[in-house]
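Take a look at the structure below.
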Amino acid sequence: MNVVVMVLLGVAGLLVVSTPIFVSLLLPAIAGFTFSGLGMPPIAVVQHGVQGIAMPALLAVPLFMFAADVIARGEIADRLVDLADSLVGHIPGGIAIATIVTMTVFGAISGVGVAAIVSIGPIAYPVLLRKGYSKSFALGLILSGSTLAMLIPPSVAVILYGLQANQSIAKTFLSALGAGLIFAALMILYSVWYVLRKGLGRDDRFSARRLAEALRRSVLALLFPVIILGGIYSGITTVTEAAAMAVAYAVIVEVFIYRRLTRKELFQVARQSSGVIAMVMILIVGGSLLTWFLTLEQIPQAIAKSPMLNDPVMVLAVINVVFLIAGMFVDVNSAIIVLTPLVFPAAASAGVDPIHLGAILTMNLAIGMISPPFGMNLFVGMATFRVGYGDVLRGILPFIMLQLIALVIVTYWPAATLWLPSLVSTR
């Protein structure tokens, strides 16, 4: 147990001094195997690390990430914003609602929150300001809306949870979708209230001709989630096969049909994506070794047997706090890889549905991504919109409160997220 304490302190200490996360996971894990008395041969440790990234289903992660990068540099986001604005721009808060709707649909295409900020944000932000919305509201709306991409399938975070918890990725997709729709609905209600309170009125007059033209221009963009998710839930494709289809579709549409990306730019996107994907893979290696060491030391079992964690209400409250804090300080992928195996036994012993748990964990980390002091999306927003930390903070706080309300609903009303998975039979 003393070695376990030293390993955990080592992880925390390395993170505090800004050591790269994969090093902060790998070094303490290797030290734990070396000095613990488990007698684990070095070759076995290496083999387990390699096995952590040898799962066929894991191929979906880099494929969806690459597809998201292609889309972020392309024209799909522009066309989706125009369609959403032509559809709901005539009602109070129309452009705000259009932004939320676009973020939701974009999440069904990319699965990566940062991609939503850098692709939709520069389009929606100046329009919101021009329509009379405050800078803080516009920033908060876009940054909080970007977290919908973590909840709307095909979410990369949900894929990693499914692999770590050995659960159906397709069903967890639907559970997280329920959570995302709850938050989107709260954002829409808040936006309408904000507009009525500020007296901003309607943004535009409805035009059937404009809607028809926007719909015509957006057909290929709208077909994207239909093809990908339709393939998964019809049983025609697995999640990994759907991810491969996403890459092919994104490249064909953006390079050969919309012609927004040249082949040279596509190569640049692939090179940039490969660096991020390599980082995620090495994180999975480090995380799998650390969680394997802690599992061999019976830490998850000890957590599950804690007298304080017999009550599902208490278990879920503790899990929420742990994952909210983790989301503020480390990236989503690392948190899921390391923490899921530790809390899963406790949740299972308390009777928490594992598909429901996936939505809860993902939503907590989504909130953490926009929460001070170190939520990643805060800094992406600062760089994208060239604003200060104080501006971002003032804008995001009301939306964090909305997300916390949504989190309470999702956590303690399981039916809110489990009704969708109960309707389908997946491959």
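The values are calculated or read from the model by the stated rules, or taken from the named source; none is laboratory data. Source: prediction; values computed, not measured. Neighbour counts run over all protein chains shown; Cβ positions are idealised from the backbone, glycine included.
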Can you tell me how many residues in segment 198-216 are at pLDDT 80 or above, surrounded by 12 or more Cβ atoms within 10 Å (Cβ to Cβ) and of a type in the set (A, V, I, L, M, F, W, C)? 3
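Any chance segment 369-391 includes a residue that's under 20 Å from Ile100 (Cβ atoms), outside any helix (DSSP H, G or I), at pLDDT 85 or above and not charged (D, E, K, R)?
For segment 369-391, residues under 20 Å from Ile100 (Cβ atoms), outside any helix (DSSP H, G or I), at pLDDT 85 or above and not charged (D, E, K, R): present.
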Of the residues Gly395, Gly388, which is exposed (fewer than 13 other Cβ atoms within 10 Å of the Cβ) and either over 20 Å from the mean Cα position of the chain (by Cα) or more than 12 Å from Leu143 (Cα to Cα) (or both)? Gly388
Determine whether Gly358 is at pLDDT 90 or above and under 20 Å from the mean Cα position of the chain (by Cα). yes
In segment 258-267, which residues are part of a helix (DSSP H, G or I) and surrounded by 13 or more Cβ atoms within 10 Å (Cβ to Cβ)? Glu265, Leu266
Set Ile336, Ile355: member being part of a helix (DSSP H, G or I), crowded, with 20+ Cβ neighbours inside 10 Å and in contact with a Pro (Cβ under 7 Å, 6 or more places away or on another chain): Ile355
From the list Leu283, Leu290, Leu294, Leu316, exactly one residue is part of a helix (DSSP H, G or I), crowded, with 17+ Cβ neighbours inside 10 Å and modelled with pLDDT of 85 or more. Which is it? Leu316
Among the listed residues Gly145, Gly113, which satisfies the condition of being modelled with pLDDT of 80 or more and closer than 23 Å to Gly381 by Cβ? Gly145
How do the pairs read when you match residues in segment 157-173 that are among the basic types (Lys, Arg) with residues anywhere that are at pLDDT 90 or above, using Cβ under 8 Å and keeping only pairs 6 or more apart or on different chains? Lys171/Ile355
Tally, over segment 14-47, of residues that are surrounded by 13 or more Cβ atoms within 10 Å (Cβ to Cβ), farther than 21 Å from Met281 by Cβ and at pLDDT 80 or above: 2
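Taking only segment 73-100 into account, find how many residues are closer than 30 Å to Ser274 by Cα and surrounded by fewer than 24 Cβ atoms within 10 Å (Cβ to Cβ).
Step one: list which residues in segment 73-100 are closer than 30 Å to Ser274 by Cα, which gives 73-81, 99-100.
Filter again for surrounded by fewer than 24 Cβ atoms within 10 Å (Cβ to Cβ), leaving 73, 75, 78-79.
Total satisfying the criteria: 4.
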Considering Leu365, Leu316, which residue is among the aliphatic types (A, V, I, L, M), over 22 Å from Ala278 (Cα atoms) and in contact (Cβ under 8 Å) with a residue 60 or more places away in the chain? Leu316
Regarding Ala248, is this residue farther than 24 Å from Ala138 by Cβ, within 21 Å of the chain's Cα centre (by Cα), part of a helix (DSSP H, G or I) and aliphatic (A, V, I, L, M)? no
